[in-house]
Amino acid sequence: MPIGIDILEIDRFEMALQRRKRLLNRVFTPAERDYCLRRGRPGASLAARFAAKEAVFKVLGAARGSIGWQEIEILTGPDGRPEVHLHGRAAEEARRQGLASFEVSLSHSRGLAAAVVRGLKGGS
């Protein structure tokens, strides 16, 4: 079962969002933006989801550019847990590798956001 992990500094990510106005809409889906922008510190929630997307790229072994940012979506499930939803080329690559689902854990402190993603084979 492949595992991906990513960690980043929230302040640096928030500065990148301020400097590059298009980054928010390029990386995050409307549902992700809607959820995160309603949080107490939107930058921390966005950074954690960005880290999760990076971790999914690592699980899939995908080079940046081969899969679009919005083809990996990190949503909050009915039980409040984060969920990985794949679309387009990301979903095709997961199927090709026999990955039926993903487990994801998000975390952030005052300064850092992190995510761990594990790809699960069918029936796991």
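Comparing Ala62, Ala52, Ala94 in a Gaussian network model of the chain (Cα springs below 10 Å), the most mobile by mean-square fluctuation is Ala62.
Taking Cβ atoms as reference points and 12 Å as the exclusive limit, the residues near Ser105 contribute a net charge of -1, counting Lys and Arg as +1 and Asp and Glu as -1. Note on the chain: antiparallel DSSP beta bridges, both residues inside, total approximately 95 percent of the bridges counted.
Placing unit charges on each Cβ (+1 for Lys and Arg, -1 for Asp and Glu) gives the chain a dipole about its Cα centre, and among Leu99, Ala62, Val117 the Cα reaching farthest toward its positive end belongs to Ala62.
Within the listed set Ala55, Ala114, Ala31, the residue fluctuating most in the Gaussian network model of the chain (springs between alpha-carbon atoms under 10 angstrom) is Ala31.
Ordering Phe13, Phe28 from the fewest to the most neighbouring beta carbons within 10 Å gives Phe13, Phe28.
Choose one answer from Leu23, Leu112, Leu75: the residue with the largest mean-square fluctuation in a GNM of the chain with alpha-carbon springs under 10 Å. It is Leu23.
Restricting attention to segment 17-108, which trypsin sites (Lys or Arg not before Pro) occupy a DSSP loop and are surrounded by at most 12 other Cβ atoms within 10 Å?
When the trypsin sites (Lys or Arg not before Pro) of segment 17-108 are filtered for loop state and at most 12 Cβ neighbours within 10 Å, Arg20, Lys21, Arg22, Arg38, Arg39 remain.
All alpha carbon pair distances within the chain were sorted into 5 Å bins beginning at 0; the resulting P(r) in whole percents reads 2, 12, 22, 25, 20, 11, 5, 1, 0.
Could you work out [θ]222 nm for the chain from helices alone, using -39500 (n - 2.57) per DSSP H run of at least four and dividing by all its residues? Round to the nearest 500 deg cm²/dmol.
-12000 deg cm²/dmol
Laboratory data are not the source of any read-out in this text; all were calculated from the coordinates shown. None of these values were measured; they are calculated from a predicted model. Here the Cβ is made from the backbone with ideal geometry for all residues, glycine too, and neighbour counts use every protein chain on show.
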